[in-house]
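For reference, the structure is listed below as structure tokens.
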Amino acid sequence: AEVKFGILAAQNAVATLLVSRVITPSLLRAASESEGVSRRVSELSRLLQRTAHFAHVDSQAALNDSSQPDLHQVLKHVSSLRELVARVLSLPPDPSMGLTSSTEEAEAAAL
């Protein structure tokens with residue numbers, strides 16, 4: 001995405017995938033294993049979904065929309081995720097990602 005659309009679009013895409021395909025499902029899976037989904041987990045899930053959505057929206061245009069009262073907070077999370085993605089992308093490639101456990105051990109621990 002970076003080559004075709006630029007670094008910001010690449011950061012947005014990675015941030016969206018990270019939130020929508022990794023963090024939110026993990027949160028909801030952990031919550032469902034406990035005694036139901038609490039109100040706070042539900043609120044956090046909605047915030048994460050909005051963060052993933054607004055990663056692709058023009059921040060200045062979105063700030064002019066008064067129908068989104070917590071938009072400033074959401075855009076702050078988007079900015080933080082973009083910064084995280086930029087830092088991760090700037091790291092030198094490491095096939096082991098600095099992990100000492102094997103793939104099999106990691107998969108077993110995830111189940």
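Observations on the structure shown:
- Looking across region 98-111, the residues that are modelled with pLDDT of 75 or more, outside any helix (DSSP H, G or I) and surrounded by 10 or more Cβ atoms within 10 Å (Cβ to Cβ) come down to S101, S102.
- Scan of region 40-97 for residues that are open to solvent by less than 40 Å² (accessible area, probe 1.4 Å) and at pLDDT below 75, ordered by number: S59, A62
The values are calculated or read from the model by the stated rules, or taken from the named source; none is laboratory data. Fair warning: this is a prediction, and the values are worked out from it, not measured in the lab. Cβ: placed from backbone, ideal geometry, glycine included. Neighbour counts: every protein chain shown. Remember, those area values only see protein heavy atoms, side chains included, never the ligands or the DNA or RNA. Shrake-Rupley method; radii C 1.70, N 1.55, O 1.52, S 1.80 Å.
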